[in-house]
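The values are calculated or read from the model by the stated rules, or taken from the named source; none is laboratory data. All values derive from a computational prediction rather than experimental measurement. A quick note on method: Cβ atoms are made from the backbone with ideal geometry, for glycine too, and the neighbour counts reach across all protein chains shown.
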Amino acid sequence: MKLTLGKSTKELSANTTLVVFVPSVGDSKKDKKKKSSLPSVSELDGELNALLKEAMTEKSFLGGEKETCFFRSCHVGGVKNLLAIGLGDKSKVTHETLRSAAATAHGVLGAARIPKAHFHLASALGGQKDGAGAVQALCEGLLLADYSMDELKGKKESKDDAPKFVESVLVPAARANAASMKKAIETAEILSECVNASRRLGDLPGNFMTPEILATEATNLAKGTKIKVTVWDKARIKKEKMGGLYGVSTGSGHDPRFIIMEYKGGAKTKKPVIFVGKGLTFDSGGISIKPSLQMDDMRYDMCGGANVIGAILAIAKLGLKVNVTALIPSTENMPGPLATKPGDVLTFRNGKTVEVLNTDAEGRLILADALCYATEQKPAAIFDAATLTGAIVVALGNTHTAYFTRDKKLGAQIEAAADDSGELVWPMPITDYHVGDMKGTLADLANISSYRGAGSSTAAAFLEQFVGEGISWAHFDVAGTAWAVGNRLPYCPKKGASGAMVRTFVELAKKF
Ligand code: BES
Ligand code: MN
Ligand code: ZN
């Protein structure tokens with residue numbers, strides 16, 4: 001979608017579709033200043049205000065969150081169509097409200113086949129001081145909602161020539177700072193482009209997304225940026241003693257890859273922030289095979305990997321002055337003649353041994369070697385993202401991404417980063433009790449807990465055994481949030497990958 005900054009309300013014409021954002025009228029008895037909740041379209045034309053006021057008086061549109069009212073061919077105030085988008089309670093409008101409202105507008109305009117719309121920024125900003133952040137969020141809402149995954153659809157027989165919604169013009173408030181608006185748009189464009197690139201990788205099904213393809217895609221996406229990409233093949237993975245990644249891969253006909261992406265935007269002496277992402281391109285469960293129901297969802301088991309790829313891309317494109325590395329261990333988890341069997345013992349890069357009691361608990365096995373490698377780089381901090389456990393979906397559903405860390409300062413930084421990006425995270429426990437549950441019988445560790453419950457915490461405790469002493473580390477379990485969150489967030493696809501944590505990771509990187 002084309003997104004530009006307009007000059008002023010003067011460029012609106014008899015052909016224009018204007019989008020205005022309207023806070024709710026509230027309780028009419030209490031709300032004496034009812035008129036003031038109307039958007040400041042007065043700078044355009046009083047006719048528009050009158051139209052909105054009438055709709056509100058008749059209660060056909062009250063400005064509630066997600067409420068919309070499309071006045072098609074109303075021809076008032078010098079424009080053709082007017083689309084009013086509700087913002088809810090004026091005092092509770094956040095950047096997230098605007099992100100969602102813009103996405104809702106995108107949906108209405110698309111359905112109404114309006115090719116181009118003007119967005120009235122003054123009505124969206126209300127009295128907010130931080131105009132740039134609000135504009136950025138609004139643009140993110142539009143651009144994230146614009147994502148669709150059509151590349152696997154067959155050629156259409158009848159040519160659909162109905163217009164699509166393809167262009168947005170932001171009409172700035174009077175006296176707006178054009179430079180800061182432009183910067184906000186640019187930032188939103190970079191973030192959304194990288195989130196959408198990550199979603200596409202997530203959406204590609206197993207036969208279009210093998211470890212080899214993921215490595216090629218990462219290499220291609222990094223072209224034109226300062227990111228250096230190194231890819232290890234199966235022989236190299238074995239030589240590098242990554243017994244977990246290797247052990248998970250042997251049941252598959254597709255070879256594994258270990259993808260290393262390095263961006264050096266900071267001083268040479270500055271330690272890197274390392275993001276590790278689970279790149280399991282299809283998780284059948286292996287010999288401990290999964291039931292058929294929704295097994296196809298396991299195409300999304302590389303979303304952690306896709307999301308750290310999206311994050312490092314955005315960090316590089318924004319030119320952040322940090323050193324960042326993204327590591328993506330990538331393999332399929334399949335049953336096969338050479339597959340790892342329940343009870344098999346694997347030896348990891350740091351020399352620890354693990355008995356694989358359930359081959360479906362494979363994510364932790366491939367992440368373990370990557371965490372060893374990350375530890376060797378003497379990082380400032382390590383963050384990993386993985387669709388690790390079904391248990392976290394039971395605990396938190398698809399609203400919050402769970403994070404696990406024993407580092408209080410890091411926890412506070414994670415909360416702040418998520419807040420700044422508008423993503424939801426929730427802290428979960430990781431203790432020595434959980435570590436105790438992961439002890440092995442024949443080997444140092446077992447890959448599943450010896451006790452019932454707390455499956456996400458014990459998985460985190462397992463990962464912790466591969467992070468070097470004293471290194472700041474947090475694990476993000478995105479199993480509930482990596483896909484199918486569109487029921488909550490209008491700027492995310494209903495069924496497909498969400499790109500969860502890409503924006504939070506970009507904010508996190510800024511803190512180092
Ligand atoms: N990729 C799955 C986790 C998962 C399941 C994510 C459902 C999203 C939805 C992971 O590899 C897995 O299979 N975990 C097992 C671990 C268990 C065997 C200890 C699980 O959660 O069932
Ligand atoms: Mn599994
Ligand atoms: Zn998995």
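Across region 290-314, what is the number of residues that are hydroxyl-bearing (Ser, Thr, Tyr) and within 14 Å of ligand 3 (Cβ to nearest atom)? Spell out how you get there, then give the answer.
Taking region 290-314 as the starting set, the residues that turn out to be hydroxyl-bearing (Ser, Thr, Tyr) are 292, 300.
Still in the running and within 14 Å of ligand 3 (Cβ to nearest atom): 300.
Number satisfying all stated conditions: 1.
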Original post:
Hey, ALA412 hits all of (1) part of a loop (DSSP other than H, G, I, E, B); (2) surrounded by fewer than 16 Cβ atoms within 10 Å (Cβ to Cβ) but one; which does it fall short on?
Top reply: (1)
Subject >> Scan of region 454-512 for residues that are of a type in the set (Lys, Arg), in contact (Cβ under 8 Å) with a residue 12 or more places away in the chain and more than 15 Å from ligand 1 (Cβ to nearest atom), ordered by number >> reply: ARG488, ARG503, LYS510, LYS511
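Pick from LYS271, LYS278, LYS239: which is of a type outside the set (S, T, N, Q), without any contact (Cβ under 8 Å) to a residue 12 or more places away in the chain and closer than 24 Å to VAL467 by Cβ? Write out each step before concluding.
On the way: LYS271 fails: without any contact (Cβ under 8 Å) to a residue 12 or more places away in the chain; LYS278 fails: without any contact (Cβ under 8 Å) to a residue 12 or more places away in the chain.
Being of a type outside the set (S, T, N, Q), without any contact (Cβ under 8 Å) to a residue 12 or more places away in the chain and closer than 24 Å to VAL467 by Cβ holds for just one of LYS271, LYS278, LYS239, which is LYS239.
How many residues are closer than 23 Å to THR458 by Cβ and either assigned to a loop (DSSP other than H, G, I, E, B) or without any contact (Cβ under 8 Å) to a residue 60 or more places away in the chain (or both) when one looks only at region 416-447? Please lay out each step first, then the result.
Here is the first cut: in region 416-447, the ones closer than 23 Å to THR458 by Cβ are 425-447.
Among the residues that remain, those that are also either assigned to a loop (DSSP other than H, G, I, E, B) or without any contact (Cβ under 8 Å) to a residue 60 or more places away in the chain (or both) are: 426-444, 447.
Matching residues across region 416-447 total 20.
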Original post:
Does VAL425 satisfy the criteria of being more than 16 Å from ligand 3 (Cβ to nearest atom) and either over 20 Å from PHE466 (Cβ atoms) or modelled with pLDDT of 95 or more (or both)?
Top reply: yes
**OP:** Examine region 269-289 for a residue that is aliphatic (A, V, I, L, M), more than 16 Å from ligand 3 (Cβ to nearest atom) and touching a strand residue (DSSP E or B) at 6+ places or on another chain (Cβ under 7 Å), and state whether such a residue exists.
**Re:** yes
**OP:** Working carefully through the options VAL345, VAL356, find the one that is more than 14 Å from ligand 1 (Cβ to nearest atom), of a type outside the set (Gly, Ala, Ser), within 23 Å of TYR246 (Cβ to Cβ) and out of contact with any helix residue (DSSP H, G or I) (no Cβ under 6 Å at 6 or more places or on another chain).
**Re:** VAL345
